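Structure, as structure tokens:
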Protein chains: 2
Amino acid sequence: MSWFRSLIQRSSIRHPLKPSKATPSLTLLLSEFSTGTEAAASREAGLGPTRPGDKARVVVLGSGWAGCRLMKGIDTKAYDVVCVSPRNHMVFTPLLASTCVGTLEFRSVAEPIGRIQPAISREPGSYFFLANCISVDAQNHVVHCQTKTDGVGTLEPWNFNISYDKLVIAAGAEASTFGIKGVKEHAIFLREVYHAQEIRRKLLLNLMLSDVPGVTEEEKRRLLHCVVVGGGPTGVEFSGELSDFILRDVHQTYAHVKDYIHVTLIEANEILSSFDDRLRRYATKQLTKSGVRLVRGIVKDVQPEKIVLTDGTDVPYGLLVWSTGVGPSPFVKNLEFPKAPGGRIGVDEWLRVPSVQDVFSIGDCCGFLESTGKPTLPALAQVAERQGKYLANLLNQIGKIGGGHANAAKDMELGKQFVYKHLGSMATVGRFKALVDLRQSKEAKGLSMAGFASWFIWRSAYLTRVVSWRNRFYVAINWTTTFVFGRDISRI
Amino acid sequence: MSWFRSLIQRSSIRHPLKPSKATPSLTLLLSEFSTGTEAAASREAGLGPTRPGDKARVVVLGSGWAGCRLMKGIDTKAYDVVCVSPRNHMVFTPLLASTCVGTLEFRSVAEPIGRIQPAISREPGSYFFLANCISVDAQNHVVHCQTKTDGVGTLEPWNFNISYDKLVIAAGAEASTFGIKGVKEHAIFLREVYHAQEIRRKLLLNLMLSDVPGVTEEEKRRLLHCVVVGGGPTGVEFSGELSDFILRDVHQTYAHVKDYIHVTLIEANEILSSFDDRLRRYATKQLTKSGVRLVRGIVKDVQPEKIVLTDGTDVPYGLLVWSTGVGPSPFVKNLEFPKAPGGRIGVDEWLRVPSVQDVFSIGDCCGFLESTGKPTLPALAQVAERQGKYLANLLNQIGKIGGGHANAAKDMELGKQFVYKHLGSMATVGRFKALVDLRQSKEAKGLSMAGFASWFIWRSAYLTRVVSWRNRFYVAINWTTTFVFGRDISRI
């Protein structure tokens with residue numbers, strides 16, 4: 001090829017006055033595109049079973065907290081890692097709310113998988129596949145997948161198969177809509193980076209449009225009414241960030257419309273229900289003080305410009321963010337494994353799917369089988385991260401004693417069971433204020449903190465948890481810049 | 001309102017077990033959304049003429065280099081500033097190519113107008129309107145505009161009018177396609193931040209998809225063939241950045257497909273035709289060395305997966321970037337003012353549109369009328385910036401001697417004419433290498449530099465030109481991070 005290339009360069013550059021000279025070399029160039037022999041590679045291709053001498057293959061479905069923590073910890077001398085996910089990065093979810101209003105940049109909360117586990121981009125047997133898993137054939141140790149080609153107009157999605165030695169299902173959960181009509185069409189969730197981008201674009205667009213002559217007072221109020229449904233940590237943090245953005249930035253940079261913008265947080269029960277009473281009262285006071293309207297209500301219907309509550313009240317909105325928790329995804333629902341309470345994939349004390357060989361599940365998509373007598377763990381980053389770490393160690397240990405390949409670990413002693421110890425919950429409520437609940441369960445007694453000190457602990461804790469040094473650095477820089485210069489308001 | 005709000009909070013928070021209590025207060029809350037009286041504000045609204053005692057109003061169409069430099073320099077004690085543009089930020093175009101591959105972040109090259117001219121967000125008579133100007137009624141000193149509502153599903157665009165005392169048309173130019181079929185549909189330009197975002201998303205998507213089992217060799221080569229059409233500074237800089245990205249980052253993070261990715265630069269004449277011969281040879285050598293294939297050719301047709309050259313050659317591509325210069329936009333074409341050569345708005349030596357009162361034009365959309373005997377200036381950031389600065393001073397001076405209002409400057413002596421002095425041209429060609437041509441015209445003799453020293457000068461020059469300290473800081477941080485950690489490859 002280098003011969004072709006130098007020929008092309010010679011003919012096209014050294015004789016700048018004779019463009020026709022380029023023709024023969026372009027034809028040669030083109031021959032590169034139809035080298036034929038392999039061009040007929042089947043659309044039904046994939047990765048076949050590993051051979052006894054090869055490294056064993058771990059297939060990981062998903063790239064959230066659980067899957068990424070597992071991949072980070074896996075021993076790549078013992079295993080090839082193949083990750084199947086519709087996104088090539090992990091989202092640092094606890095900081096996602098901050099990106100919607102420009103306190104942090106989007107890239108600061110996205111960690112590419114190739115940086116979490118470099119073997120995936122370098123080792124010949126390790127891969128990242130941008131695809132969704134469609135079904136699992138546990139009898140034959142194969143997963144069926146379909147590529148995700150949105151954005152390439154010229155490619156139809158195609159199917160392929162991957163044989164696994166160990167399968168880790170870490171495909172996460174889906175935002176719950178409770179079957180309410182219009183949620184998926186009109187509300188924005190807050191789970192992926194593109195959700196945060198959409199919220200930011202819409203918020204800035206509404207701010208700008210409400211300042212243009214010809215908009216009515218009523219439309220202006222509607223456009224600038226930001227409604228958050230769901231009073232869990234995500235909803236509360238987002239409301240806090242939003243009201244802080246309004247107080248600090250909108251009042252300065254959108255002075256003409258500042259009196260029209262409002263935030264309403266709608267929750268059917270009480271906000272932050274898992275937190276200590278004292279903390280909950282503190283959060284309520286802080287949110288109220290910063291201008292967030294807390295409303296008790298249940299949403300019945302979501303329409304393009306308003307939501308309807310069960311008591312018949314209409315609430316017009318310009319931006320609607322939906323964060324009412326998660327439930328099992330269609331993929332998980334369709335899997336033919338025994339389920340745990342709540343429809344999650346049922347696992348035993350070692351996070352195995354016990355009805356089949358070599359299948360494990362971690363994170364929001366799994367739950368302990370009733371037979372284990374253990375409670376379902378909350379859908380928290382903390383739980384997923386701990387499960388990923390535990391399973392990486394378990395698989396490494398299995399690999400070390402020769403059980404890495406398919407069906408090779410049937411009768412092995414697996415050692416310690418997975419035990420979850422809750423380290424506490426945290427939530428920010430606006431600028432320099434956070435709640436830290438260090439109790440191990442809702443009923444326990446223990447330390448709870450609110451205010452500046454806990455904000456400081458919160459920020460430090462997150463800084464050390466962001467996976468790479470690059471992103472730790474960027475988050476620190478983002479926070480400093482926002483502090484010094486204010487938030488960025490360009491709508492790009 | 002505060003009464004309503006405290007009522008709502010009381011009823012919804014203090015009695016957490018009685019959600020029905022919230023109902024009456026929500027009804028009150030809602031009354032806010034239909035306060036009626038102003039709700040009938042007409043869709044044909046706008047800003048009427050200023051009165052003699054008021055500040056005069058400068059209306060600026062566009063937010064590029066010319067318009068933003070003008071707004072930055074305008075004396076807001078003498079004038080209210082109203083900016084009409086479809087984007088709320090200025091794009092720092094010389095660094096845009098770097099953002100496509102993650103060397104710089106998108107926000108580092110976007111400067112919000114509110115930061116360039118703070119009066120726009122604070123002064124009661126100054127505004128930014130997210131809209132396009134549709135037509136100019138110079139007789140009545142009015143512009144007709146239409147809002148840009150893409151992204152708000154619930155709002156139809158509406159029209160409004162703005163009366164001006166002085167009008168500055170700085171609406172820029174449009175990418176030329178030379179009437180070639182399919183360019184607009186399949187190629188990506190490189191003029192706005194969203195173009196750079198699209199290029200980055202597509203490039204990463206193609207890299208990922210070409211690694212999935214089932215893709216043929218031929219498709220893989222096509223997906224990873226990046227074609228750049230146009231060998232001006234933008235095309236050359238983008239090709240250089242891209243090949244550097246391939247050498248430094250793709251080889252590490254997409255090791256499986258690294259041998260399939262190629263960059264081809266197609267130019268009908270010679271690359272960097274405005275530069276000194278020696279620099280051009282240097283650029284050719286550097287690009288070739290870093291793996292860019294330089295091809296002489298003229299594009300005839302652009303199809304979804306390939307372009308066809310006039311000699312009949314097909315060139316398959318996965319990513320197509322089009323940067324063959326600019327021409328007048330439909331808005332400029334439709335204006336009924338005398339035109340300069342090339343279809344631009346004709347201006348006199350003071351950048352006035354001489355056939356009417358109080359209308360000026362600056363940047364890529366204007367050109368000297370033939371009657372001035374002056375040549376058309378190149379469509380460069382440098383020219384636009386100098387014109388914006390000149391016109392801000394001219395308007396300030398007119399305002400000072402009482403000519404700010406409509407028709408008040410009819411017989412005024414305008415002082416010095418606009419004279420353009422070329423400071424030199426610069427282009428980067430990959431890592432640590434740049435060309436700096438300090439000659440004042442193509443025929444002149446003078447200093448030209450290539451290599452590391454000029455790269456250093458180039459980077460420093462840009463750092464001091466990026467408008468705000470915030471962005472200067474971010475660009476420096478971005479460059480440092482890329483240098484230390486490599487580029488970011490998450491596809492968000």
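The values are calculated or read from the model by the stated rules, or taken from the named source; none is laboratory data. What you see is a predicted model; the values in this text were computed from it and never measured. Using ideal geometry, Cβ is built from the backbone for each residue, glycine included, and neighbour counts are taken over all protein chains shown.
Looking only at residues that are modelled with pLDDT of 70 or more and either surrounded by 16 or more Cβ atoms within 10 Å (Cβ to Cβ) or β-branched (V, I, T) (or both) in the range B:465-475, which one is farthest from B:V91 (Cα to Cα)? Going through the qualifying residues, I end up with B:F473. Against the list (1) under 21 Å from the mean Cα position of the chain (by Cα); (2) on the phi > 0 side of the Ramachandran plot, the condition B:G312 fails is (1).
Contact map, the range A:193-208: residues that are closer than 16 Å to A:L104 by Cβ and facing chain B (nearest Cβ under 7 Å) paired with residues that are in a helix (DSSP H, G or I) and of a type in the set (A, V, I, L, M), Cβ distance under 9 Å, separation 6+ or inter-chain. Pairs shown: A:V193/A:L96; A:V193/A:V109.
A:T288 meets the conditions (1) free of Cβ contacts under 8 Å to residues at least 60 places away in the same chain; (2) more than 9 Å from chain B (Cβ to nearest Cβ) in every case but one. The failed one is (2).
Evaluated against (1) assigned to a loop (DSSP other than H, G, I, E, B); (2) more than 22 Å from the chain's Cα centre (by Cα); (3) farther than 30 Å from A:I188 by Cα, B:E156 falls short on exactly one condition, (3).
Based on what the data block shows, is B:S135 within 30 Å of B:L380 (Cβ to Cβ) and among the hydroxyl-bearing types (S, T, Y)? So B:S135 passes the test.
Of the residues making up the range B:164-189, those that are over 18 Å from the mean Cα position of the chain (by Cα) and away from chain A (no Cβ under 11 Å) are B:Y164, B:D165, B:K166, B:L167, B:F178, B:G179, B:I180, B:K181, B:G182, B:V183. Being outside any helix (DSSP H, G or I), of a type in the set (S, T, Y) and either touching a residue at least 40 places away in the same chain (Cβ under 8 Å) or crowded, with 23+ Cβ neighbours inside 10 Å (or both) is true of A:T264. Where helices (runs of 4 or more DSSP H) fall wholly inside the range B:161-244, no range has 3 or more residues that are buried (at least 24 other Cβ atoms within 10 Å of the Cβ), at pLDDT 95 or above and in contact with an Asp or Glu (Cβ under 6 Å, 6 or more places away or on another chain). Considering only residues in the range A:293-323 that are polar (S, T, N, Q) and either more than 7 Å from chain B (Cβ to nearest Cβ) or in contact with a strand residue (DSSP E or B) (Cβ under 7 Å, 6 or more places away or on another chain) (or both), the one that is surrounded by the most Cβ atoms within 10 Å (Cβ to Cβ) turns out to be A:S323. Which of the residues belonging to the range A:296-319 are out of contact with any helix residue (DSSP H, G or I) (no Cβ under 6 Å at 6 or more places or on another chain) and either in contact (Cβ under 8 Å) with a residue 40 or more places away in the chain or not in a loop (DSSP other than H, G, I, E, B) (or both)? Within the range A:296-319, A:V299, A:K300, A:D301, A:Q303, A:E305, A:K306, A:I307, A:V308, A:L309, A:D314, A:V315, A:Y317 qualify.
Do we have A:R248 as facing chain B (nearest Cβ under 10 Å) and assigned to a helix (DSSP H, G or I) here? Spelling it out, it is not the case that A:R248 is facing chain B (nearest Cβ under 10 Å) and assigned to a helix (DSSP H, G or I). Would you check which residues across the range B:368-389 are buried (at least 20 other Cβ atoms within 10 Å of the Cβ) and out of contact with any helix residue (DSSP H, G or I) (no Cβ under 9 Å at 6 or more places or on another chain) and list them? Across the range B:368-389, the qualifying residues are B:F368, B:L369. So, A:V326, is that one surrounded by fewer than 22 Cβ atoms within 10 Å (Cβ to Cβ), farther than 30 Å from A:S210 by Cα and under 22 Å from the mean Cα position of the chain (by Cα) or not? When the stated conditions are applied, A:V326 passes them.
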